[in-house]
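Engineer: Dropping a structure here in structure tokens format, bear with me for questions.
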Ligand code: DCP
Ligand code: MG
């Protein structure tokens, strides 16, 4: 029995909210982002600005070079959060199963609805226009993968419905980079073999892909055919977020262990920021080669979502239990005691805005290109972080 999955994403979300507050902005080339003078980056670009090549995650200075006279508005995160909450609340009450992916994105499973998916999406789109004045784009398909790509293809204010069994045909002409799991590295390796579109990829024998990319190759082959079995999962508020890594070979080099802690802290920090929560308790997990495992935790003065603060706390804990030369099999970093966004004033204070720019730039790159895209220097031999970047991550 085929499922009906809808995917929704608000168009130029931060910019659209700014247009609501100041309708004179409508149709203008502008961005919401940090100032060029302080090396800010673009968070959201209006569609008029995109005509000049301006994109999110781009340094504002570069955006200004591409589009002279570009208006740059400072972000008002709490305002965007409020609008996001209202729209998401409405979506939640409109479908039996809703999974919110980010501040402006959600999957809906409406398989039990008698009406065609396109009709449901069209009516929700119109209602969100009317109630909230915010434009949305919708993808309708038999699974998450294809629904999300359909949204992307239809933007702005689009609605694309892919019929069941039409998934592979729909995906075929699209660039292979649009496929989840195809980062720049995979993309260039595929390009070397003349694979540019998802259709090209679908034609490659699975055995060849496995030869090239290992187990990931099999996932690629499945996705290229437009198959995806992942269910829509109603999210519940996580109580903690963590990331851990089992080393390919047990490790005793202090420098490498510290760098791993940093990398894990960055992963947890990124996920906290993405979920717009901050946590007060930082915990580390350590497993010795004989599989004995210990955890240690500490409570911070105030909740944080900052990589550096998580890392400092994790490192302090680590240095208390680790002795020079001792081999480690697994390291983990977790943050718990999470607070909801409303109480999370530190997110919006000045320090965060300043420090947040760099972190956000990194988050953006990772979001777009996979977790492997940004690595600290060094030849750390880590187990490969998957393109999803969540294999060792968990929320509970
Ligand atoms: N965002 C950000 N930095 C990024 C990407 C996004 O701060 N690199 C913020 C601002 C966006 C919001 O998240 O408005 C939603 O992200 P999207 O990727 O959905 O981008 P937009 O909604 O701005 O545009 P689109 O119409 O492409 O969805
Ligand atoms: Mg959006």
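Engineer: Shape of segment 14-76 from its Cα gyration tensor (a ≥ b ≥ c, root eigenvalues): rounded if a/c is under 1.5, otherwise prolate when a/b > b/c, or oblate?
Structural biologist: It is oblate, given that a/c is not under 1.5 and a/b is not larger than b/c.
Engineer: Let me ask something else. Using 0.36 nm times the number of residues separating residue 327 and residue 118, minus their current alpha carbon distance, what extension gain do you get?
Structural biologist: 69.6 nm
Engineer: Here is a follow-up. Compute the relative contact order of segment 48-194 as a whole-number percentage, counting only Cα pairs closer than 8 Å that sit 6 or more residues apart in sequence. Spell out each step's value before the answer.
Structural biologist: Details: 138 pairs, mean separation 16.1, N = 147.
So the answer I get is 11 percent.
Engineer: Using only the Cα atoms of segment 162-262, build the gyration tensor, take square roots of its eigenvalues as a ≥ b ≥ c, and label the shape rounded, prolate or oblate: rounded if a/c is under 1.5, else prolate if a/b is larger than b/c, else oblate.
Structural biologist: Note, shape of segment 162-262 comes out oblate.
Engineer: Another question about this same structure. Under a plain spin-label model, where a point goes 7 Å from the Cα along Cα-to-Cβ, how far apart in nm are residue 281 and residue 168?
Structural biologist: Rounded to a tenth, the inter-label distance reads 5.0 nm.
Engineer: Could you list the residues of segment 90-105 with an amide nitrogen less than 17 Å from a label point located 7 Å from the Cα of residue 111 in the Cα-to-C-beta direction?
Structural biologist: 95-99
Engineer: Quote the FRET efficiency, to the nearest 0.05, computed for residue 212 versus residue 295 with a Förster distance R0 of 51 Å and r equal to the Cβ-Cβ distance.
Structural biologist: Efficiency, rounded to the nearest 0.05: 0.85.
Engineer: Rounded, prolate or oblate, given the Cα gyration tensor of segment 171-224, with a/c below 1.5 counting as rounded?
Structural biologist: rounded
Where a number appears in this text, it was derived from the coordinates with a stated rule and is not lab data. This is a predicted model, so every value here is computed, not measured. Backbone-built Cβ (ideal geometry, glycine too); neighbour counts: all protein chains shown.
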